[in-house]
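Colleague: Take a look at this one; I'll ask things after.
Read-outs: derived from the displayed coordinates by stated rules, not from any lab. Model, not experiment: these values are computed from the prediction. Note that we place each Cβ from the backbone using ideal geometry, even for glycine, and neighbour counts take in every protein chain shown.
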Amino acid sequence: MNDNDVPILRKIHELYKTFHEYRNLVPKQDRFSVYERTENIIIDILELVLEASYVSKDRKIILLEKTSVKLNIIRFFIRLMKESKSLDLKKYTLLQGIIDEIGRMLGGWIKSQK
């Protein structure tokens, strides 16, 4: 399997790149707390999706559901960063759009496995 065969990986990669570009724009007190935690969860999601693309159907659904939970955690943290003014509305909207698209892709993948 080639990583390009899994479109959701490209979208998660886009999320990481976009989020990483905002690193220096986030206030220092937030950069080493909620920002860093969110960045780590994005990497966790990337790892889970990569793993899910290689495992059997039984294991795959477990990994995809775990990924879905982590995606919801990211949604919450991104909203928290907007509310605490760590991210402006434009950046928040862009990130939430990417996250929503990942969520739709993930939901479709989960549905196809059941």
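Colleague: Which of the pairs 17/60; 66/91; 11/111; 60/111; 17/57; 91/111 have their Cα atoms more than 23 Å apart in this structure?
Modeller: Working: 17/60 26 Å; 66/91 26 Å; 11/111 19 Å; 60/111 12 Å; 17/57 30 Å; 91/111 30 Å.
With Cα atoms farther than 23 Å apart: 17/60; 66/91; 17/57; 91/111.
Colleague: Now for a separate question. Send over the per residue convex hull volume for region 52-93, Cα only, as a whole number of Å³.
Modeller: Numbers: hull volume 2.8 nm³, N = 42.
Residue-normalised Cα hull volume stands at 67 Å³.
Colleague: Run the reach check for residue 85 against aspartates and glutamates, Cα to Cα strictly under 13 Å, same-chain hits fewer than 8 apart removed. What comes back?
Modeller: Answer for residue 85, where 13 Å is the Cα cut-off: 30, listed by chain and number.
Colleague: Additional query: In whole Å, largest first, what are the principal axis extents of the Cα atoms in region 23-86?
Modeller: Principal extents (Cα only, largest first): 43, 18, 13 Å.
Colleague: Nothing charged except the Cβ atoms of Lys and Arg (+1) and of Asp and Glu (-1): what's the magnitude of the dipole of region 1-112 about its Cα centre? Round to the nearest 20 debye.
Modeller: On the way: 20 positive and 16 negative charges, 60 e Å.
Its charge dipole is roughly 300 debye.
Colleague: Can you pull the one-decimal nm distance between simple spin-label points at residue 43 and residue 73, each 7 Å off the Cα toward Cβ?
Modeller: According to this spin-label approximation, the distance is 1.4 nm.
Colleague: With N set to the residue count of the chain, report its C-alpha Rg divided by 2.2 N^0.38 Å to two decimal places. Provide the component values of the computation, followed by the final result.
Modeller: On the way: Rg = 14.4 Å, N = 114, 2.2 N^0.38 = 13.3 Å.
This ratio for the chain stands at 1.08.
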